[in-house]
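Notes follow the structure.
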Amino acid sequence: NVQQSSMICGRSTIVSTFRSTAPACSVWAMRFFLQLAFASAFLVHGASIEQEPCAKACTSGARDSVPAIVTTEKNLLQSWKLARSTIRLFTVETRNNESYIPVPGVTGWTFQNIGVGEQWETWISKVAVPTRFFEQEAKTNPDEIVVLADTADVLAGGCDGNDLLRRYHATVAAYGPVGPKVIFGAQFRVWPPEAVDFNIYPNLASRRDKVLAALGLNRTAFLPYLRERRCQKDKFDLCLRPRAYDKLNAGFVMGPIRELHRVFKGALAFPKNKTHTVSKVTGNTQWNDQFAFAVYMSEHPDQVGLDYAGFLSTQLVYSQNMVFVENGALKSRVHGNTQCFVHGNGNGCMEWQATLSLIDNKGAAESRPCHSREVPKSL
């Protein structure tokens, strides 16, 4: 695995601050403080009480006109032994009989394919197969933190297992002591359109702002990378207003196996009005995993959260120029750090392939053709 570079001036303006007045004697408070320690440690691959201001103002767009603060690595992370050098990645690929599939991009990651021998029965299979798998895994590894992601359009940008876990714990800590442990990817566009009727994202706007603030970002940090004209071309504006990178994407999710099983099982149990949408291709109604999880999140915000800061995975649909390549690794223009995973979903596929070709020519050549042929002006 490729080790993440330390944060440098000129690439990030992220400052992570956390405060809590929780009772010091309770078990949950102790757990929360540990999570906060992880959160403060994440951003530069280390942690310290010492802070060094940049020699000059930095301009990554993460926070307007605010100089970055770069922390010096100490021994805080090494004192907590939950960090692992590896983390298991799963995918459901029923079209491939290989049990292990290399993740394209920076080398070192491999998907374990839990779709081998399974039948694809529309999008419900993307939920039903992992539900059965997580149920069995939870008997022996209930608290193991794992990733489930799409196969054909997800690439690895250069994080290692320790870094990914640090980012996960930082994200979870930003939600507070009783926040969600299952974290899905985020994106600009509401999908499917039926989710608009549930008013999911306006109802969670205050949560989004709280989490971003805890991680040193704000809603507008993402807006320079939104394809605004593309939002306006839709029959219905699915980017919603105010614009924000805060809509659920089911192509990436991370969390403890037991919690993943609870969420997936709960989504499967939903009635048809919370799981079925009209297909743009056939006009028939069909099960939609993203719809089911979005509704589940709206009803169980204590169980399901989003990667609002993009620390884990960036979804490229309706975006442009959000990532770039530097020294063989993929970086985020939003938070300035190595981007662990990039998901080229929807009309983000062409940019995803172009980006992949810069770090993994072979992977780009072997990737599946894009369903969407939209090409951002940046290309």
*Length gain on complete extension for the stretch VAL196 to PHE236, per 0.36 nm per residue less the alpha carbon to alpha carbon distance?*
13.4 nm
*Apply the Debye scattering formula to the range 246-379, with a single equal point scatterer on each alpha-carbon and no solvent, then give log10 I(q)/I(0) at q = 0.11, 0.14, 0.21 Å⁻¹.*
-0.49, -0.77, -1.24
*Would you please give the residues with an amide H less than 5 Å from that of ASP160, counting only those at least 5 places away or on a separate chain, with H modeled from the backbone geometry?*
GLN4
*asked:* Between LYS139 and ALA269, what's the calculated FRET efficiency when r is the beta-carbon distance and R0 is 30 Å? Round to 0.05.
replied: 0.90
*If ligands, DNA and RNA are left out, what is the accessible area of GLU194 with a 1.4 Å probe, given in Å² to the nearest 10?*
50
*Please calculate the 1.4 Å probe accessible area of ASP197, with all protein chains present, and give it to the nearest 10 Å².*
130
_If you take every residue apart from ILE124 with its C-beta less than 14 Å away from the C-beta of ILE124, what net charge results, scoring Lys and Arg +1 and Asp and Glu -1?_
+2
*Taking the Cβ of GLY108 as the centre, find all other residues whose Cβ is under 13 Å away and add up their charges (Lys, Arg: +1; Asp, Glu: -1).*
-3
*Which far-off residues, 5 or more places away or on another chain, put their amide H under 5 Å from the one on VAL182, with H placed in the peptide plane?*
GLY305
*Just the accessible area for PHE270, please: 1.4 Å probe, Å², rounded to the nearest 10?*
30
*asked:* Could you give each residue of the range 318-334 its phi-based ³J(HN,Hα) in whole Hz, using Karplus coefficients 6.51, -1.76, 1.60 with θ = phi - 60°, and x for Gly or Pro?
replied: 6, 10, 7, 6, 7, 10, 8, 9, 9, 6, x, 10, 8, 10, 9, 6, 7
_Long-range HN-HN contacts of TRP123 with modeled amide H, under 5 Å_ = TRP287
*In nm, to one decimal, how far is the SER99 label point from the THR282 one, both placed 7 Å along Cα→Cβ?*
3.3
*Starting at the first residue of the range 176-188, write each ³J(HN,Hα) from the Karplus equation 6.51 cos²θ - 1.76 cosθ + 1.60 with θ = phi - 60°, in whole Hz, x for Gly and Pro.*
x, x, 10, x, x, 10, 9, 10, 8, x, 10, 7, 7
*Using a 1.4 angstrom probe on the protein heavy atoms only, line up GLU135, GLU228 by accessible area, largest first.*
GLU135, GLU228
_In whole Hz and in residue order, list the ³J(HN,Hα) couplings for the range 134-144 that follow from phi through the Karplus curve 6.51 cos²θ - 1.76 cosθ + 1.60, θ = phi - 60°; x for Gly and Pro._
5, 4, 6, 5, 5, 5, 10, 10, x, 9, 5
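The values are calculated or read from the model by the stated rules, or taken from the named source; none is laboratory data. Note that this is a predicted model, so its numbers are computed, not measured. With ideal geometry, Cβ positions are generated from the backbone for all residues, glycine too; neighbour counts draw on all protein chains shown. Each accessible area value is taken on the protein alone, full model and side chains, heavy atoms only, with ligands, DNA and RNA left out. Shrake-Rupley method; radii C 1.70, N 1.55, O 1.52, S 1.80 Å.
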